[in-house]
Amino acid sequence: MERIDNYTHDVASHCESGSVRNVLVHFGLDISEPMVFGIGSGPAFFYLFFAKGPNGLPLIGIRNAPGSILKNVSGLLQLEFVQKRYKTTDLALAKADELITRQIPVIARVDMFYMKYLPQFLQVHAPFHTIVLVGRNRDAYAISDPYFNEIAELRTADLKPAWETHAAMAQDNYLSYIDRVPERIDWRRAITTAMIKTSRNMLLPPVVDRLFFFVGVQGIRTYAKKILSWPDKYRGVRLREGILFQAVGFEDQGTGGGAFRLMYGAFLQEAAQLLNSAELESMAGRMIENGLSWQEISRKFIKVGKPIPLDDDAYDDWSAENRPVLGDGLAEISADLVRRAEFEDRFFKDLRKAATALR
Amino acid sequence: MIISGKPQRHEKPWRLVMYRTDPDGKCVPDYKVTEFDDLIHEYYTQRTLELERLQQLLSSQEISPVHFFMEYHHMSVRDVASRMNLRLSVVKKHLTPQGFEKVDVATLKRYARIFDIGVSDFFQFLFVPPEVGISVEQRSERLLQHVVITVANE
């Protein structure tokens, strides 16, 4: 298989920040995944009450929209960066082939369902998975996927349906690549601007936050309130899966643990060193504590969800006996989430001030 | 649909990059097995139960093959409709055995693409004993399925 020379593949917590990091390293930039995530203004919160997951419960978003990390990083680091959505997969593939021949890694957004090299439990319909195409032969591509520990091979017949899904909000046939990384980067400007942007995403202005009650810190509060009604609205296996999915979503779905907050803490530590700021160092410690508290919330979700029977027919008997315990467990998590919201409210206000002072 | 006699299971622990604090208080990446690894085992158990439940519904003609695969892959009707570029009401018709009988081959090919199966998978279940090896290749835009069955020599 024809491969891009000297491309080093490395695993990462998250597909987008990991792919961007791998590509930037290929261009000679010494950058970590937390730094990409932080400059990409990754942390966010959305309680997507209008979008239901497979188990019928509303979806939760804990990072910014797919593609935003790459867009923010390119802008703030002033990369020469090209992105385009092609009309057909054949056109996107033709462009990818041309770039690979020119030794340029190709960033693509695909549906994880068709990524045959991943274990079967990860082959789910999620059309926002970021990978890098780093080689090809007649009927397959070499794939650098941060979730997989080596460069994988994916048949073109599987890449095609993954790249054009027609799913809602999917970016079909999206392709991007970096042409050039500038010789000098203004890290101070990039880091502080990103911190202010992240704070803005988490803290909407008064009144606006009433309209967008599902976004940012206000979104965490709404989520905390809504989980109390789950046992009334959902039952059986769906409720069980829904509760367990919260924990998996916060911990294992490419977050690095603690709903991305631990990775953001690592970014703040790195930023503190780079900008020589004791204040940022102390804020990094606070964010890491916050991440560990989110991790504890996930453990509680598992504790609450696991006893629910795997069989729908057994649910009513179980519920008759255990409903108060389930309610108490969710009430405890809800109180924890309110504390997270209060913490992040204070934290992002402080971060905005600190970043403004450091500019 | 080809159902292997070898039960699906989580063979080796899955590792993820997770952040943790080291003794100096630094937050560092660690490539390790997730704390919730047992949920992956549960996922496979649940999937087997789900397959049995859906097969029963299909056999008793309560659902159509499209409905079967949609639920098996944890998809919503809205998602399927969007991917098929069909109206929600049309997909809903295809979810019933009566409605499924009216689906043309071109539409079946598109459904097969989103469920990543062959068109023939809508019409048969092939149970393969654990000692038999099987490889499947979709051809002609999933209209033809090329199946190779291998039996180990004793």
Got a sec? Charge dipole of chain B, +1 on Cβ for Lys and Arg, -1 for Asp and Glu; which of B:Val91, B:Met18, B:Pro129 is way out at the positive end? B:Val91
List the lysines whose Cα sits under 24 Å from the Cα of B:Lys102, skipping any in the same chain fewer than 8 residues away. B:Lys92, B:Lys93
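Grab the eigenvalues of the alpha-carbon gyration tensor for the range A:209-254, scale each by 5, take roots, and send me the semi-axes largest first in whole angstrom. Provide the component values of the computation, followed by the final result.
Numbers: eigenvalues 95, 51, 8 Å².
That gives 22, 16, 6 Å for the three semi-axes.
How high is the relative contact order of chain A? Use alpha-carbon pairs under 8 Å, at least six apart in sequence, and give a whole percent. Let's see the in-between values first.
Values: 649 pairs, mean separation 71.2, N = 359.
Over chain A, the number comes to 20 percent.
When the chain is fully extended, how far beyond the present Cα-Cα distance does A:Leu48 get from A:Ser229, taking 0.36 nm per residue of separation?
On the way: separation 181, 0.36 × 181 = 65.16 nm, distance 1.58 nm.
Full extension from A:Leu48 to A:Ser229 adds 63.6 nm.
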Leaving out same-chain residues fewer than 8 places away, which aspartates and glutamates sit with a Cα under 18 Å from that of A:Lys84? A:Glu16, A:Asp97, A:Glu98, A:Asp111, A:Glu164, A:Asp172, A:Asp179
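May I ask you to work out the translational diffusion coefficient for the range A:83-214 at 25 °C, viscosity 0.890 mPa s, via Stokes-Einstein with Rh from the Kirkwood sum over Cα pairs, reported in whole µm²/s? Display every interim value, and only then the final one.
Details: Rh = 16.9 Å.
Stokes-Einstein gives a translational diffusion coefficient of 145 µm²/s.
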Taking a crude spin-label model, label points 7 Å out from Cα along the C-beta direction, the A:Glu342 to B:Tyr43 distance in nm is 3.6
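Which pairs break 25 Å Cα to Cα here: A:Lys303/B:Lys32; A:Lys52/A:Lys225; A:Lys353/B:Lys32?
Values: A:Lys303/B:Lys32 22 Å; A:Lys52/A:Lys225 17 Å; A:Lys353/B:Lys32 36 Å.
Beyond 25 Å: A:Lys353/B:Lys32.
For a Förster distance of 56 Å, can you work out the FRET efficiency between the beta-carbons of A:Arg299 and A:Lys87, rounded to the nearest 0.05? Write out the running numbers ahead of the final one.
Numbers: r = 47 Å, r/R0 = 0.84.
Plugging the Cβ-Cβ distance into 1/(1 + (r/R0)^6) gives 0.75.
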Taking H placed 1.01 Å from N in the peptide plane, check which residues at least 5 places from A:Thr88 or on another chain put their amide H under 5 Å from its amide H. none
Magnitude of the charge dipole, the range B:2-151, Cβ model with Lys/Arg +1 and Asp/Glu -1, debye to 20: 620
How far, in degrees from 0 to 90, does helix A:261-275 lean away from the longest principal axis of the Cα atoms of chain A, to the nearest 10? 50
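Suppose every Lys and Arg Cβ carries +1 and every Asp and Glu Cβ carries -1, with no other charges. What dipole size does the range A:217-358 come out with about its Cα centre, to the nearest 20 debye? All intermediate terms of the calculation are to be shown ahead of the outcome.
Numbers: 20 positive and 22 negative charges, 101 e Å.
For this selection, approximately 480 debye.
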Label-point separation (nm) for B:Trp14 and A:Ala65, each offset 7 Å from Cα along Cα-to-Cβ? 2.8
Sorted from largest down, what three extents in whole angstroms do the Cα atoms of the protein assembly as shown have along their principal axes? 68, 64, 50
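Set the Förster distance to 56 Å, then compute FRET efficiency between A:Asp313 and A:Trp187 from the Cβ-Cβ distance, nearest 0.05.
The pair A:Asp313/A:Trp187 has a calculated efficiency of 0.40.
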Return the distance in nm (one decimal) between the two label points of a simple spin-label model at B:Glu101 and A:Glu98, each offset 7 Å from Cα along Cα→Cβ. 5.2
Stokes-Einstein, Kirkwood over Cα pairs, the range B:2-151, 10 °C, 1.306 mPa s; D in µm²/s equals 87
Tell me which of B:Ser82, B:Cys27, B:Ile149 sits at the most positive position along the dipole axis of chain B, charges placed on C-beta atoms (Lys, Arg +1; Asp, Glu -1). B:Ser82
Rounded to the nearest 0.05, what FRET efficiency do B:Leu126 and A:Ala357 have when you use their Cβ-Cβ distance and R0 = 45 Å? 0.10
Row for the range A:217-358, column shape: gyration tensor on C-alpha, a ≥ b ≥ c, rounded if a/c < 1.5 i.e. under 1.5, prolate if a/b over b/c, else oblate; value prolate
For A:Lys87, which lysines qualify as cross-link partners when the Cα separation must be under 27 Å and same-chain residues fewer than eight apart are set aside? A:Lys71, A:Lys95, A:Lys116, A:Lys160, B:Lys109
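Values in this text are rule-based calculations from the coordinates and carry no lab data. Note that the coordinates shown come from a computational prediction; the quantities given were computed from them, not determined experimentally. When we count neighbours, we look across all protein chains shown, and the Cβ atoms used for this are built from the backbone with ideal geometry, even at glycine.
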